[in-house]
Amino acid sequence: MDTTRIDKWCWAARFFKTRSQATEAVERGRIRLNGERTKPAHNVKAGDRLEVDNGATEWEVLVTGIADKRGSAAIAATLYQETEESIARRAAQAERHRLFREPSAEIKGRPTKRDRRLLDRSSS
C-alpha cells in the first residue's frame, strides 16, 4: 500500500479519536498537506509534510509510513516523524501552560458568584 486517504491516516496515526473528527479537521483546514489545504479524500504518501492542529496541540510531521487501520500507539508512532521546530514549539507551549494557568480553565459551566469575583480580580 503506497497511499491512503488523509483523514484515515490522521485517525490511524492517533491525532484524532474518531475518523469523523479527522474528516472535519481536514474540511476546516486544520490539516495542511505540504502547506496547502486539501480535501478528506486526498491521498497521503510517505515523504509528505503535514501540519496537524487538533484543537489542543499543533504538530508538524513528516509521513514515514502508511496505514488505513488504527492500531496500537506504538505502531502509530512509527507512521510519522515530528520536525525539530514542532518539538520545540510544543515544549515552549507546555512550559507556558505550566507557568501560567488560565483562570477560566478551572471553571466548568456557568461561573458562580464566587468564581466571577475571582475572574474579575485576576483580570484587573
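The values are calculated or read from the model by the stated rules, or taken from the named source; none is laboratory data. Since this is a predicted model, take the numbers as computed values, not measurements. With ideal geometry, Cβ positions are generated from the backbone for all residues, glycine too; neighbour counts draw on all protein chains shown. Remember, those area values only see protein heavy atoms, side chains included, never the ligands or the DNA or RNA. Shrake-Rupley method; radii C 1.70, N 1.55, O 1.52, S 1.80 Å.
Using Cβ point charges alone (K and R +1, D and E -1), the dipole size of the stretch 76-121 about the Cα centre works out to roughly 620 debye.
Computing FRET efficiency as 1/(1 + (r/R0)^6) for A91 and L62, where r is the C-beta to C-beta distance and R0 is 25 Å, gives about 0.85. Placing unit charges on each Cβ (+1 for Lys and Arg, -1 for Asp and Glu) gives the chain a dipole about its Cα centre, and among S122, W11, V63 the Cα reaching farthest toward its positive end belongs to S122. Pull out a ≥ b ≥ c, the square roots of the eigenvalues of the alpha-carbon gyration tensor of the chain, then state rounded if a/c is under 1.5, prolate if not and a/b is larger than b/c, and oblate in the remaining case. Prolate, since a/c reaches 1.5 and a/b exceeds b/c. Shape class for the stretch 18-79: rounded, because the ratio a/c of the largest to smallest gyration tensor axis (alpha-carbon atoms, square roots of eigenvalues) is under 1.5. Summarising the label geometry, the points placed 7 Å from Cα in the beta-carbon direction at R14 and E27 lie 2.7 nm from one another.
Provide the net charge surrounding T18, with neighbours chosen by a C-beta distance below 13 Å and charges set as Lys +1, Arg +1, Asp -1, Glu -1.
Net local charge, T18 excluded: +3.
Applying a 10 Å radius around every beta-carbon, put 110-121, 2-13, 29-40 in order of their mean neighbour count, most first.
Descending packing order for the listed peptides: 2-13, 29-40, 110-121.
Taking Cα centre as origin and charging only the Cβ of basic (Lys, Arg, +1) and acidic (Asp, Glu, -1) residues, the dipole magnitude of the stretch 51-96 rounds to 260 debye. Note on A41 and S72: with the Förster distance fixed at 25 Å, the Cβ-Cβ geometry gives a FRET efficiency of about 0.45.
Each peptide in 75-86, 57-68 gets a packing score, the mean of other Cβ atoms within 10 Å over its residues, and the list from highest to lowest is 57-68, 75-86.
Put a plus charge on the Cβ of each Lys and Arg, a minus charge on the Cβ of each Asp and Glu, and nothing anywhere else: the dipole of the chain about its Cα centre is then about 800 debye. For the stretch 1-41, carbon and sulfur atoms together expose 40% of the accessible surface, with a 1.4 angstrom probe and every protein chain in place.
Paramagnetic label reach from E82 (point 7 Å along Cα→Cβ; backbone nitrogen cut-off under 15 Å): within the stretch 24-59, residues 50-59. Local charge for P111 was computed over the other residues whose Cβ lies under 12 Å away, with Lys and Arg +1 and Asp and Glu -1, and equals +3.
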